[in-house]
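Read through the structure below, which is laid out as structure tokens, and then see the notes.
The values are calculated or read from the model by the stated rules, or taken from the named source; none is laboratory data. Keep in mind that what you see is a predicted model, and the values were worked out from it rather than measured. Neighbour counts are summed over all protein chains in view; Cβ atoms, including those assigned to glycine, are modelled from backbone coordinates with ideal geometry.
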Amino acid sequence: MTDTLDEGTDETVALFESMNDPEALKRLPADRLPALAREIRDFLIDSCSQTGGHLGPSLGVVELTIALHRVFDSPKDPILFDTGHQAYTHKILTGRHDFSALKSEGGLSGYPSRAESEHDFIENSHASTALSYADGMAKANEVRGRDDRTVVAVIGDGALTGGMAWEALNNIADKRNRRLVVVVNDNGRSYSPTRGGIADHLASLRLAPGYEQALDLAKSTLNRTPVVGQPLYEALHGLKKGVKDAIQPQMMFEDLGLKYLGPVDGHDEPALEKALRRARDFGGPVIVHCITQKGKGYAPAENHEEDQFHAPGPFDIDTGLAKPGSKAVKWTSVFADAMVELGAEREDVVAITAAMLHPTGLHKFAEAYPDRVFDVGIAEQHAATSATGMAMNGLHPVVAVYATFLNRCFDQVLMDAALHRQGVTFCLDRAGVTGNDGPSHNGMWDMSILQVVPGLRLAAPRDAERLRTLLREAVAVEDAPTVVRYPKGAVAEHLDAVGRVGSMDLLRAGTGGDRAADLLIVGVGSMAQTACEVADRMAAQGIGVTVVDPLWVKPLDRALVEEAARHSVVAVVEDNGRTGGVGDAVARLLRDHGVDVPVRTFGIEQEFLDHAKRDRILQQQGLTPQELARKLTETVSRHTEGTGGRELADEKA
């Protein structure tokens with residue numbers, strides 16, 4: 001569909017392409033809004049069919065986002081999206097129309113991005129945080145006397161199951177005249193259908209008659225009745241709490257002291273505008289409860305049982321089927337099958353997911369053992385401590401989360417699972433560089449933050465066989481928490497050990513001929529293959545390189561001390577942040593035992609990484625075989641030929 005920009009010109013563009021800022025949207029006649037919504041949906045379906053992306057959530061909020069930008073004045077009135085999955089329409093309405101490189105290097109981020117637009121305020125795509133941001137921004141407006149501004153937070157896709165959201169609501173309700181609107185985008189789902197009592201409560205509201213509409217009707221009718229109309233209306237309004245308890249039971253929002261509007265049809269743009277204007281003009285904190293359908297307007301998404309196209313890869317528009325891609329076995333699939341095997345062997349093994357049953361691979365375990373899997377919603381803190389309680393009562397829970405989301409429950413891992421020495425296993429999918437989902441999703445923090453947890457054991461498998469073996473070993477530990485971490489995507493090539501050094505796998509045994517003790521490389525997890533390729537390149541230059549895979553990187557095997565002492569240089573290669581990671585742990589271990597061999601650490605710089613493919617980010621970080629071989633050749637040369645170090649012969653003597 002096209003629309004003429006100016007009368008008297010032949011220049012035409014698609015209607016949505018004329019939306020370069022919210023003011024253009026405000027000028028658009030109301031009768032053109034349905035056409036705009038259709039165009040946006042068609043554009044999103046076409047774009048995501050080519051690039052992949054968070055299609056389902058964005059299709060569900062097209063009308064809602066249009067209404068938000070027509071009622072509020074962004075960026076003066078900040079609109080905050082939690083978790084950002086549903087922000088694609090927001091991007092379009094604020095002038096970002098090129099989705100050809102969505103989530104790729106140089107293209108648009110898959111989430112709101114402060115670098116992209118003044119209309120984007122938060123880009124942390126971890127769930128349940130927007131209400132806290134909104135509370136802080138509203139308080140700042142109050143302190144600075146900005147009483148003409150309203151902060152808007154859009155929360156949905158299961159984010160209200162997170163405890164932090166309710167901590168924020170408790171504070172938001174504390175001030176009756178602070179201008180803040182909370183829009184609950186209630187589609188009944190996160191990735192999969194939302195679970196828990198809060199989700200059930202919202203479901204009851206979805207099924208209840210609309211009280212606000214009934215009250216409006218009563219007001220308009222009774223106010224036309226002479227003498228008795230207004231008193232009757234006031235009496236009815238005074239009975240509001242009782243009426244709502246009868247029509248919409250357990251109105252928790254109003255019990256918190258928050259004005260509640262809804263439920264509103266989230267695909268009825270005029271009704272949404274009306275509700276949002278009432279909320280804006282109220283002058284205090286208001287909940288606007290919108291009922292939306294994830295995947296709205298695209299039948300394959302609407303009918304997709306698993307996650308309604310939450311984040312598909314490229315797909316065929318006509319069928320909704322995924323386009324052919326790599327058939328390589330994925331790390332998640334290996335974990336999924338291994339869990340089913342463990343479940344058959346041990347009845348005490350149970351599984352916990354934080355609203356990510358399918359993404360973490362636990363759906364197979366759920367199919368086999370439905371009574372032994374627990375979806376706690378977007379509540380990683382609760383997951384960790386609940387798992388600790390299960391362990392205290394005779395079970396061995398396996399908590400499967402993305403590595404980046406373990407950050408959210410660090411205190412529970414430390415003070416609940418570890419302090420009480422309980423056998424809880426945390427399996428961290430998407431560890432290391434994940435790439436296209438941007439800085440908040442790279443799992444590059446776990447091997448640093450977990451180093452400080454007393455008693456915790458941490459494994460990093462290099463291939464499918466080691467994942468199965470290390471998971472089994474982790475679940476066998478009953479007196480301390482254990483962690484198994486593995487990356488996103490295809491499983492690394494199988495890599496046999498040529499020997500053992502203590503409990504570590506020996507992958508290259510001093511290759512390089514006469515100078516077999518030049519360099520020791522500790523290849524961590526998925527970087528073990530890279531370490532071996534580095535060794536092979538250096539061996540071709542006559543440099544002796546030993547490669548070990550520690551398997552368990554916390555605690556490190558003391559055999560590493562003796563092995564390091566036989567070499568001139570030690571290098572650690574890991575896909576974790578360099579600060580406080582395995583490299584630092586190796587250096588500390590050697591110092592503690594009086595081994596002064598130089599240690600070089602190669603990992604991810606401690607910075608937030610722009611979105612790009614994993615291989616590209618590793619290249620940018622210098623974590624390729626070619627670049628590592630070049631740097632390590634220079635290092636070995638300095639330390640074995642007298643420039644800045646001792647001769648290897650002298651060290652042997």
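Quick one: which residue in R638, R616, R578 is closer than 16 Å to L520 by Cα and modelled with pLDDT under 95?
R638
If the requirement is being touching a His at 6+ places or on another chain (Cβ under 7 Å) and modelled with pLDDT of 95 or more, which of these qualifies: V561, V547, V586?
Unique residue meeting the criteria: V561.
Hey, A344 hits all of (1) out of contact with any Lys or Arg (no Cβ under 8 Å at 6 or more places or on another chain); (2) assigned to a loop (DSSP other than H, G, I, E, B) but one; which does it fall short on?
(2)
Considering L272, L342, which residue is in contact with a strand residue (DSSP E or B) (Cβ under 7 Å, 6 or more places away or on another chain) and either within 30 Å of I172 (Cα to Cα) or not assigned by TED's automatic domain parsing to the domain that holds L467 (or both)?
L272
Could you check, for the stretch 308-329, whether at least one of its residues is assigned by TED's automatic domain parsing to the domain that holds D463, surrounded by fewer than 18 Cβ atoms within 10 Å (Cβ to Cβ) and under 22 Å from the mean Cα position of the chain (by Cα)?
Within the stretch 308-329, none of the residues are assigned by TED's automatic domain parsing to the domain that holds D463, surrounded by fewer than 18 Cβ atoms within 10 Å (Cβ to Cβ) and under 22 Å from the mean Cα position of the chain (by Cα).
Please find, within the stretch 557-582, the residue that is surrounded by the fewest Cβ atoms within 10 Å (Cβ to Cβ) out of those that are on the phi < 0 side of the Ramachandran plot, part of a loop (DSSP other than H, G, I, E, B) and not acidic (D, E).
Per the stated criteria, the residue is R558.
Return a yes/no flag: does the stretch 45-54 have any residue that is surrounded by fewer than 23 Cβ atoms within 10 Å (Cβ to Cβ), touching a strand residue (DSSP E or B) at 6+ places or on another chain (Cβ under 9 Å), over 29 Å from G435 (Cβ atoms) and in the same structural domain as R149 (by TED's automatic domain parsing).
Checked against the condition, which is being surrounded by fewer than 23 Cβ atoms within 10 Å (Cβ to Cβ), touching a strand residue (DSSP E or B) at 6+ places or on another chain (Cβ under 9 Å), over 29 Å from G435 (Cβ atoms) and in the same structural domain as R149 (by TED's automatic domain parsing), the stretch 45-54 yields no hits at all.
Return yes or no: is L131 buried (at least 24 other Cβ atoms within 10 Å of the Cβ) and either closer than 26 Å to A354 by Cα or not acidic (D, E) (or both)?
So L131 passes the test.
Tell me which residues, restricted to the stretch 48-87, are within 16 Å of A153 (Cβ to Cβ), small (G, A, S) and either over 17 Å from the mean Cα position of the chain (by Cα) or in a helix (DSSP H, G or I) (or both).
A67, S74
Could you please find all residues in the stretch 8-40 being of a type in the set (D, E, K, R), outside any loop (DSSP other than H, G, I, E, B) and at pLDDT 90 or above?
Within the stretch 8-40, the first condition is being of a type in the set (D, E, K, R), and the residues that meet it are 10-11, 17, 21, 23, 26-27, 31-32, 38-39.
So of that shortlist, the ones also outside any loop (DSSP other than H, G, I, E, B) come out as 17, 23, 26-27, 31-32, 38-39.
E23, K26, R27, D31, R32, R38, E39, listed by residue number.
Can you tell me which residue is nearest to A460 (Cα to Cα) among those in the stretch 352-405 that are within 14 Å of the chain's Cα centre (by Cα) and among the small types (G, A, S)?
Going through the qualifying residues, I end up with A403.
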